[in-house]
Each structure stands twice: as structure tokens, then as C-alpha cells.
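Notes follow once the structure below has been shown.
Read-outs: derived from the displayed coordinates by stated rules, not from any lab. Since the structure is predicted, the reported quantities are computational estimates derived from the model, not experimental observations. A quick note on method: Cβ atoms are made from the backbone with ideal geometry, for glycine too, and the neighbour counts reach across all protein chains shown.
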Amino acid sequence: MSACELCDTPGGELLWQDERCRVIRVGGVEGSAFPGFCRVIWHAHVAEMSDLAVAERRHLLSVVHAVETAVRVVMHPDKINLASLGNLVPHLHWHVIPRWRDDSHFPAPIWAPACRAVPERARPSSAALTAALLRALESAA
Ligand SMILES: [Zn+2]
């Protein structure tokens, strides 16, 4: 074990990966409140987008945008929030968060205090998310 959770584990349910990065489905409370919430995680320890080579940066953003497309296709959210904070882990990562006008935090960021209860919403299957992601990655290539 290397004492880094994201080196030792995928960090969620793994939907897709290549040699540079991976896409995981966020579970737990956040995954229940925002079904379809995914994260794109760079495998290596890199802190900032500008630390990546230009080709790596393009690759990471193309994966982020493919995930955005997949989440839109499967979940039909009112909005997508893309966020890259990374204050707590040494892996550059992007949150791809489906948002609805009636979700527990809208229009605030999901990390703000909740302003209403979590509404009932169908959870997508991981197979549907992965299939939509593969299609989006293919059309971006
Ligand atoms: Zn690590």
C-alpha cells in the first residue's frame, strides 16, 4: 500500500480507463443525491492542468467532455457542473455532476449546504453509462 487512496484503489466504481486516466462512478451519499455523478481521475500525481503536457491536457479534457456527453444522454439533467478542485488528493481530477432544478442543492454548488431534501430520481445502470461513454469517446476520436 502506498498511503495514497487513489493510487491504491480506483476511487469508485471503474467505468473506463486507459493508460493515462480513468472514469469512475461516484457512489455513496453524493452518488445517490446526484445519480450519474462521475469523476475523471488522472492516474499519476499531478496537481494542476498546466503541469500536463499539451497533448495530455487535450486528452484529459476530451475524456471529461465525453463523460459530460454520456451523463447528458443517460440522465437528461437540467445542467452539468464541471469542477476541478483537488485540494485534498494529489491526483488531478474532474467532477462531472448532473444537476436538476429540484436537486438538494440547486442552484448552489453540491458542496454548499443542502437547501432541500434529495428528490426521488432513477439511478442509471453502470452499463448504460459505460455504453454512452464509449460512444462519446468514439465520436470524439
Ligand atoms: Zn496517488
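Side notes on the structure shown:
- Enumeration of residues in segment 108-141 that are assigned to a loop (DSSP other than H, G, I, E, B) and in contact with a strand residue (DSSP E or B) (Cβ under 8 Å, 6 or more places away or on another chain): 109, 110
- The single residue among 68, 5, 30 that is out of contact with any Cys (no Cβ under 8 Å at 6 or more places or on another chain) and more than 21 Å from residue 125 (Cα to Cα) turns out to be 5.
- Filter result for residue 89 (more than 26 Å from residue 122 (Cβ to Cβ), within 16 Å of the ligand (Cβ to nearest atom) and surrounded by fewer than 19 Cβ atoms within 10 Å (Cβ to Cβ)): yes
- For segment 27-56, a tally of residues being more than 16 Å from the ligand (Cβ to nearest atom), surrounded by 15 or more Cβ atoms within 10 Å (Cβ to Cβ) and not in a loop (DSSP other than H, G, I, E, B) returns 6.
- Apart from one condition, residue 104 fits all of (1) among the hydroxyl-bearing types (Ser, Thr, Tyr); (2) part of a loop (DSSP other than H, G, I, E, B); (3) without any contact (Cβ under 8 Å) to a residue 60 or more places away in the chain; the exception is (3).
- Segment 12-26, residues that are buried (at least 16 other Cβ atoms within 10 Å of the Cβ) and over 11 Å from the mean Cα position of the chain (by Cα): 16, 21
- On the stretch given as segment 107-138, residues that are surrounded by fewer than 15 Cβ atoms within 10 Å (Cβ to Cβ), hydroxyl-bearing (Ser, Thr, Tyr) and touching a residue at least 24 places away in the same chain (Cβ under 8 Å) total 1.
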